Amino acid sequence: MGFRYLDVRREGGVEYLTLNRPEVRNAFNDGVITEITWWADSVAADANVRAVVLAGAGPAFCAGADLEWMRRMAGYSHQQNLDDASDMARMFLTLDRLPVPVVGRVQGAALGGGTGLLAICDIVVAADTAVLGLTEVRLGLIPAVIAPFVIAKIGRSAARELFLTGARFGAERAKTLGLVHGVVPEAELDQAVAGYVADLLAGAPGAIRAAKHLIAECCKRSATEAATLCAEAIADRRASAEGQEGIRAFLEKRSPTW
Ligand code: COA
């Protein structure tokens, strides 16, 4: 697929996805949603990808849903609006379920669905000047398809505050909420992202995928219900080629082969 709204490049095992509509602060419309979903499906099926970096071109990470598109959609039927919103929900679900780690790189605004995109990242590095917010109610809308992902990240109490006020907040607050993991001056964003990517490349690719999968599975279960699944996961890993190589490399005081 040729991309109109995205900039996609691969360096080694790292896939860089950059939202590329800076003139509207990378707001997403139906075209962006189609492209991101297609991209995410292909990355999910690609065993060579070890990490994704999600960024936005220009002065802002992402201004959320494209309000011109939303205005147009208001003239469509309920069914058309439902189909359209379901496409957006599928985009977020597909991103959330990517089997490889996703690192978000945030400068400027990440509002509405832009904050939603951060909630599906595994690691987020933000400029100290970044501004986040679930601003939808200020526009007469609601944070809807992003709600499960944002609530899973920030919890019910903060969701009740932030969904209902629509207030914007800074990177340091976002860090206390668990939406952001690193806060740096904007000039140091790329270096901070590269540091996280280096960490992700230091781990065994299969182990990292298995760990990400296990987190999602554990979050659906009580500790008792998860016990068998977790025991099976580590039993498989110990006996795996990667597990054996990692342990041998440590004992032989050398780097593992990955
Ligand atoms: N949808 C469509 N267009 C948008 C947009 C959105 N979500 N956000 C910004 N734009 C457009 C603006 O209309 C403007 O277009 P114009 O050049 O034709 O006037 C252009 O992007 C630049 O926006 P501007 O506000 O001038 O840039 P800024 O850098 O000063 O501020 C934001 C950027 C993102 C802080 C500001 O545009 C904003 O608050 N946007 C709304 C974000 C929001 O609440 N999203 C939730 C959507 S549910």
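Things to note:
- Candidate set from the range 110-163 (those that are among the basic types (K, R) and surrounded by fewer than 18 Cβ atoms within 10 Å (Cβ to Cβ)); member that is nearest to T94 (Cα to Cα): R156
- Note on the range 132-158: residues that are free of Cβ contacts under 8 Å to residues at least 24 places away in the same chain and of a type in the set (A, V, I, L, M) total 4.
- Looking only at the range 202-225, residues that are exposed (fewer than 15 other Cβ atoms within 10 Å of the Cβ), aliphatic (A, V, I, L, M) and touching a residue at least 12 places away in the same chain (Cβ under 8 Å) come to 1 in all.
- Checklist (1) out of contact with any Gly (no Cβ under 9 Å at 6 or more places or on another chain); (2) part of a strand (DSSP E or B); (3) within 30 Å of G170 (Cβ to Cβ) applied to A40, failing item: (2)
- Test for V183: is it part of a strand (DSSP E or B) and in contact with a Lys or Arg (Cβ under 6 Å, 6 or more places away or on another chain): yes
- Evaluation of H181 against the conditions (1) over 30 Å from R238 (Cβ atoms); (2) within 15 Å of the chain's Cα centre (by Cα) shows that the sole unmet condition is (1).
- One residue stands out in the range 22-75 among those that are closer than 27 Å to G195 by Cα and of a type in the set (K, R): the one that is surrounded by the fewest Cβ atoms within 10 Å (Cβ to Cβ), namely R50.
- Residue among A174, A198 that is part of a helix (DSSP H, G or I) and within 16 Å of the ligand (Cβ to nearest atom): A174
We did not get these values from a lab; they are worked out from the coordinates using the rules stated. As the structure is a computational prediction, the values presented were derived from the model and not from experiment. All Cβ positions, even for glycine, are placed from backbone atoms using ideal geometry, and neighbour counts span all protein chains on display.
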